[in-house]
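For reference, the structure discussed in these notes is given below.
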Amino acid sequence: QVQLVESGGGLVQAGGSLRLSCTASGRTFSSYVMGWFRLAPGKKREFVGYITWNGASTYYANSVKGRFTISRDNAKNTVYLQMNSLKPEDTAVYYCAAESGPFTTLSDNYDYWGQGTQVTVSS
């Protein structure tokens, strides 16, 4: 069982930056692929990106590529989402998720989810 807790959300102006954190309980954090997703009002949940078990590889949605960076510190059981050059369309609740299988962008394949943290980007 893994419990995930996100933090770091808030209100930021367009062009600004935020860093989200997701801290996991349990001793097997390093065995999970960690993903970030977001859910905006009136829209479907959207894949943002993932990072592999050892942090050697990342993959991003086209909508955030070049602006967002995912990293992880397995010693701290924490994964990060650095968001730069934020746009109003990035406004959403952001969720981290853990997945024990192959790398995937599909939310249904993720086993554990955090409660989400709100990110609001003003124009």
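Overview of results
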quantity	calculated
Number of the condition not met by Ser85 [criteria: (1) among the hydroxyl-bearing types (Ser, Thr, Tyr); (2) under 14 Å from the mean Cα position of the chain (by Cα); (3) in a loop (DSSP other than H, G, I, E, B)]	(2)
Test: Val48 is among the aliphatic types (A, V, I, L, M), outside any loop (DSSP other than H, G, I, E, B) and either at negative phi or over 15 Å from the mean Cα position of the chain (by Cα) (or both)	yes
Test: residue in segment 6-13 that is in a strand (DSSP E or B), under 16 Å from Gly116 (Cα atoms), aliphatic (A, V, I, L, M) and within 11 Å of the chain's Cα centre (by Cα)	no
Scope segment 89-116; condition open to solvent by 20 Å² or more (accessible area, probe 1.4 Å) and in a strand (DSSP E or B); matching residues	Val93, Tyr95, Tyr112, Trp113
Segment 26-56, residues that are surrounded by 13 or more Cβ atoms within 10 Å (Cβ to Cβ) and farther than 20 Å from Phe103 by Cα	Gly26, Leu39, Ala40
Residue match in segment 44-52 (condition: among the small types (Gly, Ala, Ser) and under 22 Å from Ala14 (Cβ atoms))	yes
Cβ-Cβ under 7 Å pairs, at least 6 apart or on other chains, segment 98-120 side touching a residue at least 24 places away in the same chain (Cβ under 8 Å) and among the β-branched types (Val, Ile, Thr), far side open to solvent by less than 20 Å² (accessible area, probe 1.4 Å) and in a strand (DSSP E or B)	Thr117/Glu6; Thr117/Leu20; Thr117/Tyr94; Val119/Ala92; Val119/Tyr94
Flag for Val79 being part of a strand (DSSP E or B) and closer than 20 Å to Gly26 by Cα	yes
Any hit, segment 92-100, residues being among the charged types (D, E, K, R) and closer than 20 Å to Leu11 by Cβ	no
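The values are calculated or read from the model by the stated rules, or taken from the named source; none is laboratory data. Just so we're clear, the structure is a prediction, and the values are computed from it rather than from any experiment. A quick note on method: Cβ atoms are made from the backbone with ideal geometry, for glycine too, and the neighbour counts reach across all protein chains shown. For the accessible areas, the whole protein counts, side chains as well, though only heavy atoms, and no ligand, DNA or RNA atoms are used. Shrake-Rupley method; radii C 1.70, N 1.55, O 1.52, S 1.80 Å.
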